[in-house]
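The values are calculated or read from the model by the stated rules, or taken from the named source; none is laboratory data. Owing to the predicted nature of the structure, the values given are computational and were not obtained by experimental measurement. Quick reminder, even Gly has a Cβ in these numbers, built from the backbone with ideal geometry, and neighbours come from all protein chains shown.
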Amino acid sequence: MHLPDPDRYHRTPYRRTGKSGLQLPEISLGLWHNFGGVDVYENYRDILLTAFDQGITHFDLANNYGPPPGSAEENFGKILAQDLKPYRDELIISSKAGYRMWPGPYGEWGSRKYLISSCDQSLKRMGLDYVDIFYSHRPDPRTPVEETMGALDSLVRQGKALYVGLSNYTAEQTRAALKVLEELGTPCLIHQPKYSLLVREPEEALLGTLVDAGVGCIAFSPLAQGLLTNKYLKGIPEDSRAAKSTGFLQVEQVDGPTLEKVRKLNEIALKRGQSLAQMAIAWLLKDRKVTSVLIGASRTAQLMDSLGALENKTFSAEELQQINDILS
Ligand SMILES: NC(=O)c1ccc[n+]([C@@H]2O[C@H](COP(=O)([O-])OP(=O)(O)OC[C@H]3O[C@@H](n4cnc5c(N)ncnc54)[C@H](OP(=O)(O)O)[C@@H]3O)[C@@H](O)[C@H]2O)c1
């Protein structure tokens, strides 16, 4: 069993998730990459246990995380059983269903059939009785929102999830889903959008919708999968996500115009005494509309660097203007 650091709750601040009773750490850890069957157990175990020792209580998964799909949940379950079993009640564990998980018409999207069987599979893989948050991973244009939200509500009533969330829903789709959930008596806890210095769409309407409804927001890919760090400024390192065949970041996304912006952002970060990764995370946390920033890490040193963002989350008006000028 892991012996956690007794000081862990003095390190990472927590924020209330919308108007709910649940607090989440300002930085949460996602297991999309680096925790799969293709990855090294000792490495990801160390990342996970270090995160817990730093006060990160929230770990985010999905049915398809790996590769192969499902292996991140299995590996997380192993660590939970071997190292963190006595601490289950200190953890917020989330999973999702929406993307392709098994063959045939019931293996993806938003039907009741898919969501409920997928949650059952996720619980088995992780060795859990319940997840803390279960998400609809993406909106399904061909399934009535009442059916998808009804499945989330059922999972809560069956005791398989404590809270429910939405991911990748537009502001309009979110409003429709929130209304159904409210009527069912299972209010939505949180929304998980892609949001970073390089992806600003949530600012247009989604964030306002969430605040009005008292729903939390957890921003995923805050470093744009590693682009918002200094790692690609001198080429593509061999051990980076862009270079790996299993990585979701494509080499074409590491392009000249993006790197030019990254170079300029990096200069501002250095003037602030931060790494670019730290500034990118701090920039999201400056806004109280964001409950938590959901990072990834391929090694423990990256996790520790990213946590350094918590030391300076304030920006002068001039810095914000300079950042917007670079990105416009
Ligand atoms: N709901 C959804 O549809 C959805 C979609 C995507 C992600 N997510 C969630 O969001 C989580 C985070 O996504 P993400 O992994 O794309 O997040 P990210 O934080 O934008 O990128 C993480 C990657 O950036 C690099 N990195 C991290 N910290 C660094 C540092 N301090 N210095 C230099 N490089 C650093 C590492 O890449 P290298 O491998 O190159 O070292 C790491 O794997 C996922 O695990 C998942 O839980 C959700």
Mind checking which residues of region 243-276 are closer than 27 Å to LEU310 by Cβ, within 12 Å of the ligand (Cβ to nearest atom) and of a type in the set (A, V, I, L, M, F, W, C)?
PHE248, LEU249, VAL262, ALA269, LEU276
Return a yes/no flag: does region 178-185 have any residue that is modelled with pLDDT of 95 or more, surrounded by 15 or more Cβ atoms within 10 Å (Cβ to Cβ), touching a strand residue (DSSP E or B) at 6+ places or on another chain (Cβ under 8 Å) and within 28 Å of GLY107 (Cβ to Cβ).
yes
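Being at pLDDT 95 or above and either β-branched (Val, Ile, Thr) or crowded, with 20+ Cβ neighbours inside 10 Å (or both) narrows it down to one residue among LYS96, LYS85; which is it? Working first, answer last.
Details: LYS85 fails: either β-branched (Val, Ile, Thr) or crowded, with 20+ Cβ neighbours inside 10 Å (or both).
Residue meeting the stated conditions: LYS96.
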Yes/no for ASP153 being not polar (S, T, N, Q) and not in a loop (DSSP other than H, G, I, E, B):
yes
I'm trying to understand the selection: among the residues of region 259-292, which are farther than 14 Å from GLY226 by Cα, of a type outside the set (Asp, Glu) and under 18 Å from the mean Cα position of the chain (by Cα)?
ALA282, TRP283, LEU284, LEU285, LYS286, ARG288, LYS289, VAL290, THR291, SER292
Across region 295-306, which residue is nearest to the ligand (Cβ to nearest atom) among those that are surrounded by 23 or more Cβ atoms within 10 Å (Cβ to Cβ), of a type outside the set (Val, Ile, Thr) and not in a helix (DSSP H, G or I)?
GLY296
Checked region 35-63 for anything closer than 16 Å to GLY296 by Cβ and in contact with a strand residue (DSSP E or B) (Cβ under 8 Å, 6 or more places away or on another chain); matches are ILE47, LEU48, ALA51, ILE56, HIS58, PHE59, ASP60, LEU61, ALA62
Condition (residue is within 13 Å of the ligand (Cβ to nearest atom) and crowded, with 21+ Cβ neighbours inside 10 Å) applied to region 202-212: is it met by at least one residue?
yes
Only one of ILE281, ILE218 is touching a residue at least 40 places away in the same chain (Cβ under 8 Å), assigned to a strand (DSSP E or B) and of a type outside the set (S, T, N, Q), namely ILE218
Within region 100-114, can you find the residues that are surrounded by 17 or more Cβ atoms within 10 Å (Cβ to Cβ), touching an Asp or Glu at 6+ places or on another chain (Cβ under 7 Å) and outside any helix (DSSP H, G or I)?
MET101, TRP109, GLY110, SER111
Restricting to region 284-294, give me the number of residues that are away from the ligand (no atom under 11 Å from the Cβ) and either buried (at least 24 other Cβ atoms within 10 Å of the Cβ) or among the aliphatic types (A, V, I, L, M) (or both).
3
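Check whether at least one residue in region 72-93 is hydrophobic (A, V, I, L, M, F, W, C), part of a strand (DSSP E or B) and in contact with a Cys (Cβ under 9 Å, 6 or more places away or on another chain), and report yes or no. Explain how you work it out, then say what you get.
Start the filter on region 72-93 by keeping residues that are hydrophobic (A, V, I, L, M, F, W, C), which leaves 72, 76, 79-81, 84, 91-93.
Within this subset, residues satisfying the condition of being part of a strand (DSSP E or B) are 92-93.
Imposing the further condition that a residue be in contact with a Cys (Cβ under 9 Å, 6 or more places away or on another chain) reduces the set to none.
Checked region 72-93: no residue is hydrophobic (A, V, I, L, M, F, W, C), part of a strand (DSSP E or B) and in contact with a Cys (Cβ under 9 Å, 6 or more places away or on another chain).
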Would you check which residues across region 213-248 are surrounded by fewer than 18 Cβ atoms within 10 Å (Cβ to Cβ), over 17 Å from the mean Cα position of the chain (by Cα) and under 19 Å from PHE35 (Cα atoms) and list them?
GLU238, ASP239, ALA243, LYS244, SER245, THR246
Quick check: anything in region 247-265 without any contact (Cβ under 8 Å) to a residue 60 or more places away in the chain, part of a helix (DSSP H, G or I) and touching a Gly at 6+ places or on another chain (Cβ under 7 Å)?
no
For region 221-242 the number of residues that are more than 8 Å from the ligand (Cβ to nearest atom) and in contact (Cβ under 8 Å) with a residue 60 or more places away in the chain is 0
Every residue in region 115-150 that is assigned to a helix (DSSP H, G or I) and more than 16 Å from the ligand (Cβ to nearest atom), please.
ILE116, SER117, ASP120, GLN121, LEU123, LYS124, VAL145, GLU146, GLU147, MET149, GLY150
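Give the residues of region 143-175 that are under 16 Å from GLY98 (Cβ atoms) and among the aliphatic types (A, V, I, L, M), sorted by residue number. Break it down into steps so the answer makes sense when it comes.
Of the residues in region 143-175, the ones under 16 Å from GLY98 (Cβ atoms) are 143-145, 147-152, 155, 161, 164-170, 173-174.
Across region 143-175, the qualifying residues are VAL145, MET149, ALA151, LEU152, LEU155, ALA161, VAL164, LEU166.
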